[in-house]
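Enquirer: This is the structure I have questions about; it appears just below.
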Amino acid sequence: MGKALIIGCGGVASVAIHKCCQNSEVFEEICIASRTVSKCDELKEKLQGGKTKISTAKVDADNVDELIALINDFKPDVVLNLALPYQDLTIMDACLATKTNYVDTANYEPLDTAKFEYKWQWAYQDKFKEAGITALLGSGFDPGVTGVFSAYAMKHYFDEIHEIDILDCNGGDHGYPFATNFNPEINIREVTANGSYWENGEWIETEPMEIKRVYDFPEVGTKDMYLLHHEELESLALNIKGIKRIRFFMTFGQSYLTHLKCLENVGMTSIEPIEFEGKQIVPLQFLKAVLPDPASLGPRTVGKTNIGCIFKGIKDGEPKTYYVYNVCDHQESYREVGSQAISYTTGVPAMIGAMMLMTGTWKGEGVFNIEQFDPDPFMEALNKWGLPWKEDFNPELVD
Ligand code: NDP
């Protein structure tokens, strides 16, 4: 079918690349390009020999000219951005210059401001439209599948959705007192920021971890979960008509929270550069360097994730509730692609998003959030490619 350029070769990219190779009818050729090309070469070594032709390249994704040269050389149908959120705009610029479709899994964040907002990427709307190309934003799990679940609920089960609670539970245990399941810098920036939720047309801000609930997750069990701000709240608030409240909760264990508080109290989670032995360092980046590499957690993580959405609304004049979720097993993911479930649940939808554009199943000119497209083919692909979902029409609700 076509060619994809995958930028980044970390935890999420590794899963997406495995999945592209399993889906060789669509991904006939891929190029893995990242800052550290040896990682790309190692993965190529492991995966080549199948039907998907693999090449690698070194690229600095902060450099638009380098990106343009790479895209012009490889001529992909889609660029799948699985580097860090800081690179979103440079990669979008290169896609514009070369008229190439773009997919990512996380919204742009400036390095010096820990704040998720779509405004920078939404500002590309007219330019992408004029260029006649598509940008698909947020094709991971959350954001990503959570937006697809919302579009699916709206299409099939509700006349109006009034409330959405997104519940992200990681019931996995890696045996370390403290480690993060994906890029530590991104993860810690997310959880130390103020929380917020959307209610009656406005944002309500909370202190970090201020709102706690307990939920009994199917196939995982009872966990503490905390309200966080999360990027899909912003787009769902716009795209799900009639919505009155959207909240996002993530589970955290006590050991994780205690360590995080201590690291925060001593200043290790700060993104303000400090002078150390004549050199400027960012404490959070130093912390990342001493924490376990998320990729190394795969073999030692046991248990399951459960991520899904609970909807409350109206159908045919009657109140209705609906819960749709995926359960993913860390060890099964590891056996299949050599990564734990957090990378797996992000990498699979990233591959599917790229596939939707490569096959022309999803078409559009401009910048789109995932819930703006027809959810049905994506939902079908989730079942086929390793993230089957389950439904409950009488779920336990979150107060
Ligand atoms: P990793 O840190 O494991 O991987 C990031 C990769 O990007 C590395 O290969 C890194 O290279 C590369 N990279 C970083 N900077 C540059 C650059 N300037 N030029 C070229 N390559 C670069 O991160 P993850 O795989 O955990 O996360 C990838 C993305 O997925 C992030 O944007 C994250 O926010 C997002 N994500 C989304 C989720 C969702 O559900 N929507 C959930 C989890 C993650 P090097 O090897 O040299 O460090």
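None of the figures in this text is laboratory data; all of them are computed from the coordinates on show. Just so it is clear, the model here is predicted, and its values are computed rather than measured. Ideal geometry is used to build each Cβ from the backbone, glycine not excepted, and the neighbour counts take in all protein chains shown.
Enquirer: Non-local amide H neighbours of G366 (under 5 Å, H modeled in plane, Pro and chain starts lacking H): which ones?
Expert: K129, I133, T134, A135
Enquirer: Taking the Cα of K155, stepping 7 Å toward and past its beta carbon, and measuring to each backbone N in segment 128-147: which are under 13 Å?
Expert: Of the residues in segment 128-147, 147 have backbone N under 13 Å from the label point off K155.
Enquirer: Something else about it: Using θ = phi - 60° and the Karplus curve 6.51 cos²θ - 1.76 cosθ + 1.60, what whole-Hz ³J(HN,Hα) does each residue of segment 88-96 get, with Gly and Pro shown as x?
Expert: Whole-Hz 3J(HN,Hα) from phi for segment 88-96: 4, 6, 5, 6, 5, 4, 5, 5, 4.
Enquirer: Can you give the extra length, in nm with one decimal, that the chain gains between L238 and E45 once fully stretched, where that is 0.36 nm per residue apart less the Cα-Cα distance?
Expert: Value of the extension gain: 65.1 nm.
Enquirer: By the scheme Lys and Arg +1, Asp and Glu -1, what is the net charge of all other residues having a beta-carbon under 10 Å from that of K304? Mind showing how you got there, number by number?
Expert: Details: positive: none; negative: E219, D329, E332.
Combined, the nearby Lys, Arg, Asp and Glu give -3.
Enquirer: Using the Karplus curve 6.51 cos²θ - 1.76 cosθ + 1.60 with θ = phi - 60°, work out ³J(HN,Hα) for each residue of segment 67-84 in order, rounded to whole Hz, and write x for Gly and Pro.
Expert: Karplus values, whole Hz, x for Gly and Pro: 5, 4, 4, 5, 5, 4, 6, 8, 6, x, 7, 9, 9, 9, 8, 10, 7, 9.
Enquirer: Also: Amide H of I211: which non-local residues (sequence gap of 5 or more, or other chain) have their own amide H closer than 5 Å, using H built in the peptide plane?
Expert: Counting only residues 5 or more places away or on other chains, the set is L227.
Enquirer: In deg cm²/dmol, rounded to 500, what helix-only [θ] at 222 nm does the chain give when every DSSP H run of at least 4 residues adds -39500 (n - 2.57) and the total is split over its residues?
Expert: -10500 deg cm²/dmol
Enquirer: Turning to a different aspect of this structure: What's the ranking of 233-242, 163-172 by average number of surrounding C-beta atoms within 10 Å, highest first?
Expert: Most protected by this proxy first, the peptides run 163-172, 233-242.
Enquirer: On to the next question. Tell me the net charge near D376. Cut-off is 14 Å between Cβ atoms, D376 excluded, with +1 for each Lys or Arg and -1 for each Asp or Glu.
Expert: Working: positive: K155, K384; negative: E371, D374, E380.
It works out to a net charge of -1.
Enquirer: Let me ask something else. Would you grab the residues whose amide H sits under 5 Å from the one on G172? Only those 5+ places off in sequence or on another chain, please, with H modelled 1.01 Å from N.
Expert: Distant-sequence amide H within range of G172: K304.
Enquirer: Once both labels are modelled 7 Å past Cα along the beta-carbon direction, what's the N383-I211 spacing in nm?
Expert: Output for this residue pair reads 3.3 nm.
Enquirer: Still on this structure, I have one more. If you place +1 on the Cβ of every Lys and Arg, -1 on the Cβ of every Asp and Glu, and leave all else neutral, what size is the dipole of segment 279-399 about its Cα centre, to the nearest 20 Debye?
Expert: Computed charge dipole of segment 279-399: roughly 580 debye.
Enquirer: Here's another thing I want to ask about it. Per residue of segment 221-231, in order, report the coupling 6.51 cos²θ - 1.76 cosθ + 1.60 (Karplus, θ = phi - 60°) as ³J(HN,Hα) in whole Hz, putting x for Gly and Pro.
Expert: Coupling constants for segment 221-231: x, 7, 9, 7, 9, 10, 6, 10, 6, 8, 5 Hz.
Enquirer: Run the dipole for segment 79-202 about the Cα centre, Lys and Arg Cβ at +1, Asp and Glu Cβ at -1, nothing else charged, and hand back the magnitude in debye, nearest 20.
Expert: On the way: 7 positive and 19 negative charges, 109 e Å.
Result for segment 79-202 is approximately 520 debye, rounded to the nearest 20.
Enquirer: Along the positive direction of the dipole of segment 194-237 (beta-carbon charges: Lys, Arg +1; Asp, Glu -1; about the Cα centre), which of L228, I211, W198 reaches farthest?
Expert: It is I211.
Enquirer: Let me ask you something else. Using the Cα centre as the reference, give the magnitude of the dipole from point charges on the C-beta atoms of the chain (Lys, Arg: +1; Asp, Glu: -1; all else neutral), rounded to the nearest 20 debye.
Expert: Dipole of the chain, to the nearest 20 debye: 820 debye.
Enquirer: If you don't mind, another one. Between H259 and F393, what is 0.36 nm times their sequence separation minus the Cα-Cα distance? Round to one decimal in nm.
Expert: Answer, rounded to one decimal: 44.5 nm.
Enquirer: Restricting to bridges with both residues inside segment 126-273, how much of the DSSP beta-bridge set is antiparallel, in percent to the nearest 5?
Expert: 70 percent
Enquirer: Using the Cα gyration tensor of segment 199-244, with a ≥ b ≥ c the square roots of its eigenvalues, what is the shape: rounded (a/c below 1.5), prolate (a/b larger than b/c) or oblate (neither)?
Expert: Taking the square roots of the gyration eigenvalues as a ≥ b ≥ c, segment 199-244 is oblate.
Enquirer: Report the calculated FRET efficiency for T222 and D316 (r = Cβ-Cβ distance, R0 = 45 Å), to the nearest 0.05.
Expert: 0.85
Enquirer: So, one more: Go ahead and set up a Gaussian network model of the chain, Cα springs under 10 Å, then flag whichever of P319, P375, P208 fluctuates most.
Expert: Fluctuation is largest for P319.
Enquirer: Work out, step by step, the length gained on full extension between K53 and T36: first 0.36 nm times the residue separation, then minus their alpha carbon distance; give nm to one decimal.
Expert: Working: separation 17, 0.36 × 17 = 6.12 nm, distance 2.03 nm.
Gain in length upon complete extension: 4.1 nm.
Enquirer: Taking a ≥ b ≥ c as the square roots of the Cα gyration tensor eigenvalues, with a/c under 1.5 meaning rounded and otherwise prolate when a/b beats b/c, else oblate, which class fits segment 219-278?
Expert: Oblate, since a/c reaches 1.5 and b/c is not below a/b.
Enquirer: What residue among E130, E318, E207 has the largest mean-square fluctuation in a Gaussian network model of the chain, using Cα springs under 10 Å?
Expert: Result: E318 has the largest fluctuation of those listed.
Enquirer: May I ask which residue of Y108, V290, Y118 lies farthest towards the positive end of the charge dipole of the chain, with charges of +1 (Lys, Arg) and -1 (Asp, Glu) on Cβ and the Cα centre as origin?
Expert: Value computed over the given set: V290.
Enquirer: Return the percentage of antiparallel bridges among DSSP beta bridges fully within the chain, rounded to the nearest 5 %.
Expert: Within the chain, antiparallel bridges account for around 60 percent of the total.
Enquirer: Then there is this: Given springs between every Cα pair under 10 Å in a Gaussian network model of the chain, which of D88, D65, D73 has the largest fluctuation?
Expert: Ranking D88, D65, D73 by mean-square fluctuation puts D73 first.
Enquirer: Separate question: Projecting each Cα onto the charge dipole of segment 290-356 (Lys/Arg +1, Asp/Glu -1 at the beta carbon, about the Cα centre), which of T346, V327, C309 comes out farthest on the positive side?
Expert: With unit charges placed on the Cβ atoms, the residue in question is C309.
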